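Remarks on the structure that follows.
The values are calculated or read from the model by the stated rules, or taken from the named source; none is laboratory data. Only a predicted model underlies this, so the values are computations on that prediction, with no experimental measurement involved. Note that we place each Cβ from the backbone using ideal geometry, even for glycine, and neighbour counts take in every protein chain shown.
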Amino acid sequence: MHTSEEPRLTVGSLLGLRLGTVPESVPASARTESGVDEVEGPNWRVDAGEVSRGSGPAWRADATEALTFNNPFGQVMERVWFDGKVVFAVDLGEVIVDPAKVKVAQEYQPVYSVQLDENGRSVGTPEHVDGQLNIYDTVPGMDRYSPIWQFNYVVVPRSYVPNALRSERDCLASGYQILRSQDFEN
């Protein structure tokens with residue numbers, strides 16, 4: 001039982017720390033012999049099982065997210081565009097939600113064609129542009145972010161060059177027809 005007056009850091013801590021912030025000090029009760037002075041922490045890096053503090057650069061020179069992840073559970077992952085940069089996402093599958101009741105983020109998918117039914121859901125498989133990455137409007141840490149994505153199909157001509165669209169801004173300014181669907185993914 002924890003009897004110290006110092007707050008303990010735990011998963012789901014209610015200390016009121018904003019995403020990505022680090023506490024001013026680490027309580028003495030959380031210090032370990034391993035050299036990392038906390039049992040859990042929001043500022044950790046883990047490389048090949050070694051825990052350290054801090055973070056590396058967020059982006060590589062080629063505008064790709066500088067992510068280290070070994071995917072131990074074999075989750076389906078994808079690369080997507082966000083604001084002209086490549087980020088990584090885990091695809092957890094389709095969901096049915098009411099966007100009036102559930103916060104959703106916007107995902108843009110350039111396609112050659114798509115058919116939506118009377119409820120706004122795609123009928124069959126949209127004809128995707130080979131090699132085109134999907135496009136997110138937000139990433140974790142942004143106020144508008146949600147892990148539930150509403151598909152916006154950007155209907156492009158056959159002459160479209162894959163990955164010419166790399167941001168929400170690009171899609172909205174493109175002049176291409178955008179169909180907001182009732183297709184959602186987590």
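In this structure, does Pro72 turn out to be surrounded by fewer than 16 Cβ atoms within 10 Å (Cβ to Cβ) and at pLDDT 95 or above?
So Pro72 does not fit the description; no.
Would you please name the residue that is farthest from Ala63 (Cα to Cα), looking only at residues in segment 164-186 that are loosely packed, with under 15 Cβ neighbours inside 10 Å and polar (S, T, N, Q)?
Gln177
Go through segment 131-152 and count every residue that is in a loop (DSSP other than H, G, I, E, B) and either outside the structural domain of Asp170 (by TED's automatic domain parsing) or not acidic (Asp, Glu) (or both).
13
Going by the conditions given, is Arg79 without any contact (Cβ under 8 Å) to a residue 40 or more places away in the chain and either under 12 Å from the mean Cα position of the chain (by Cα) or in the same structural domain as Trp44 (by TED's automatic domain parsing) (or both)?
Numbers: without any contact (Cβ under 8 Å) to a residue 40 or more places away in the chain: no; either under 12 Å from the mean Cα position of the chain (by Cα) or in the same structural domain as Trp44 (by TED's automatic domain parsing) (or both): yes.
Judged against the criteria, Arg79 is not a match.
Among the listed residues Val161, Val129, identify the single one that is more than 13 Å from Trp81 (Cβ to Cβ) and either surrounded by 13 or more Cβ atoms within 10 Å (Cβ to Cβ) or out of contact with any helix residue (DSSP H, G or I) (no Cβ under 6 Å at 6 or more places or on another chain) (or both).
Result: Val161 is the single residue among Val161, Val129 that is more than 13 Å from Trp81 (Cβ to Cβ) and either surrounded by 13 or more Cβ atoms within 10 Å (Cβ to Cβ) or out of contact with any helix residue (DSSP H, G or I) (no Cβ under 6 Å at 6 or more places or on another chain) (or both).
Restricting to segment 155-173, and then to whatever is part of a loop (DSSP other than H, G, I, E, B) and in contact with a Pro (Cβ under 9 Å, 6 or more places away or on another chain), can you tell me which residue is nearest to Arg79 (Cα to Cα)?
This residue is Asn163.
I'd like to check something: does segment 61-69 contain any residue that is of a type in the set (S, T, N, Q) and more than 19 Å from Asn134 (Cβ to Cβ)?
Yes, there is a match, as at least one residue in segment 61-69 is of a type in the set (S, T, N, Q) and more than 19 Å from Asn134 (Cβ to Cβ).
Residue-wise test of (1) touching a strand residue (DSSP E or B) at 6+ places or on another chain (Cβ under 8 Å); (2) of a type in the set (Val, Ile, Thr).
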| position | (1), (2) |
| --- | --- |
| Gly131 | no, no |
| Thr138 | yes, yes |
| Asp143 | no, no |
| Glu168 | yes, no |
| Ser174 | yes, no |
